[in-house]
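Beneath this line is the structure, given in structure tokens, with notes to follow.
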Amino acid sequence: MATKLVIGASGFLGSHVTRQLVVRGEDDVRVLIRPTSSTRAIDGLPLDVRRGEIFDADAVADAMRGCDVVYYCVVDARPWLRDPAPLWRTNVEGLRSVLDIAARASLARFVYTSTIGTIGRVDHGLADETTVHNWGDIGGAYIASRVAAERCLLDYCADHGLPGVAMCVANTYGPGDWLPTPHGGLLAAAVRGRLPFSIDGYASEVVGVEDAAQALLLAGERGRPGQRYIVSERFMSAREIYEIGCAAVGVPPPKRRVPIRLMWVLSHLSDAAARMRGTETKFTPLNIRLMDIMSPMDHSKAVRELGWQPQPTPEAIRAAARFFRDRYRRPVSEAMTR
């Protein structure tokens, strides 16, 4: 049986892809992670762990040697950065560096983790994989870098015969969100009683992280090269997410609600203050804009072509809430000393 390689296995989605490969009985699972990356999400798994940067051609080529499927789960998801250079370096230049090697390897599939942010918006109905991206002028550098990266992958498919598949993944929820992700961090704050309000008007496509990982594995078997697939289970408001998560751990959800338009105004003040201090802030006008910009989407292509059958995302939100509760809960002995 050929080796499966996960690049970026220390991340939220990458670690779940890795774990599912092991659970389903793959004999040889290899991972490539940065020298500085934590392995806590994959500790205890029988893996061939390689350390190296995606810009290190020798390390990437060595990790890819003998593999039939590569799952690429690397992304810089920091839209609030004032200097967009790191976004372009990781999301585009880093991917291109890996694709140069993958195009010369004997791969059956190269499964690339893209984002629903590369899907266009529609005024009515549901957007799908054929909806051309049409909001680059207001998406900021992060979205621009992801669109460029996906185009780069598809160009390699067309020009170099790379058997690449682009998986347009929605906001993922579930256990093991150690960092956490930006949307996971908001849920973590809610279940800890530290989110003072929810934002009316904030809604997004969501999916359980384990279902997203399953979609990537199915793409490694059945995905059509040169195609992209929407990996999302449903469209949910932030209020719904916090209510479900808080109920799962027995705490009240945020009581107050703030209109997203007010958040837009306040974000300009926050951004201006951060500029005066010479610091970064996640509370930027762009971040607020990205909360209320995308259309509901149709994931039936993944169901039809990959055989993907996602579970209801509320179950994943409950699992995420329990994970955050247990992670941040202090030991009794520690609490008694304070």
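Yes/no matrix, rows are residues, columns are (1) at pLDDT 95 or above; (2) hydrophobic (A, V, I, L, M, F, W, C); (3) closer than 30 Å to ARG109 by Cα:
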| residue | (1), (2), (3) |
| --- | --- |
| VAL191 | yes, yes, no |
| ASP200 | no, no, no |
| VAL206 | yes, yes, yes |
| ALA219 | yes, yes, yes |
| GLY226 | yes, no, yes |
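Just to be sure, is GLU205 assigned to a strand (DSSP E or B) and either crowded, with 21+ Cβ neighbours inside 10 Å or among the polar types (S, T, N, Q) (or both)? The answer is yes for GLU205. May I ask you to list the residues in the range 208-219 that are more than 21 Å from GLY176 (Cα to Cα) and either crowded, with 23+ Cβ neighbours inside 10 Å or without any contact (Cβ under 8 Å) to a residue 24 or more places away in the chain (or both)? Selection gives ALA219 alone.
Residues in the range 296-338 that are of a type in the set (Ser, Thr, Tyr) and within 26 Å of PRO253 (Cβ to Cβ) were compared, and the one that is modelled with the lowest pLDDT is TYR328. Residues of the range 72-81 include none that is farther than 20 Å from THR172 by Cβ, touching a helix residue (DSSP H, G or I) at 6+ places or on another chain (Cβ under 9 Å), modelled with pLDDT of 95 or more and outside any loop (DSSP other than H, G, I, E, B).
Quick grid of which residues meet (1) closer than 30 Å to MET263 by Cα; (2) of a type in the set (S, T, N, Q); (3) at pLDDT below 95; (4) part of a helix (DSSP H, G or I):
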residue: GLY120; (1), (2), (3), (4): yes, no, no, no
residue: ASP137; (1), (2), (3), (4): yes, no, yes, no
residue: ILE143; (1), (2), (3), (4): yes, no, no, yes
residue: LEU153; (1), (2), (3), (4): no, no, no, yes
residue: ALA188; (1), (2), (3), (4): yes, no, no, yes
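In the range 2-16, the residue that is farthest from the chain's Cα centre (by Cα) out of those that are under 19 Å from ALA102 (Cα atoms) and not in a strand (DSSP E or B) is ALA2. Scanning the range 38-61 for residues that are in contact with a strand residue (DSSP E or B) (Cβ under 8 Å, 6 or more places away or on another chain) and over 19 Å from ALA108 (Cβ atoms) yields THR39, ILE42, LEU45, PRO46, LEU47, VAL49, ARG50, ARG51, GLY52, ILE54, ALA59.
From the list VAL132, VAL111, VAL92, exactly one residue is among the β-branched types (Val, Ile, Thr), modelled with pLDDT of 95 or more and more than 20 Å from the chain's Cα centre (by Cα). Which is it?
The unique qualifying residue is VAL132.
Here LEU179 fits the description: assigned to a loop (DSSP other than H, G, I, E, B), within 21 Å of the chain's Cα centre (by Cα) and aliphatic (A, V, I, L, M). With respect to ALA190, determine if the residue is buried (at least 18 other Cβ atoms within 10 Å of the Cβ), touching a residue at least 60 places away in the same chain (Cβ under 8 Å) and small (Gly, Ala, Ser). So ALA190 passes the test. Of the residues making up the range 23-36, those that are modelled with pLDDT of 95 or more and crowded, with 17+ Cβ neighbours inside 10 Å are VAL29, ARG30, VAL31, LEU32, ILE33.
The values are calculated or read from the model by the stated rules, or taken from the named source; none is laboratory data. What you see is a predicted model; the values in this text were computed from it and never measured. So basically every Cβ, Gly included, is an ideal-geometry build from the backbone, and we count neighbours across all protein chains shown.
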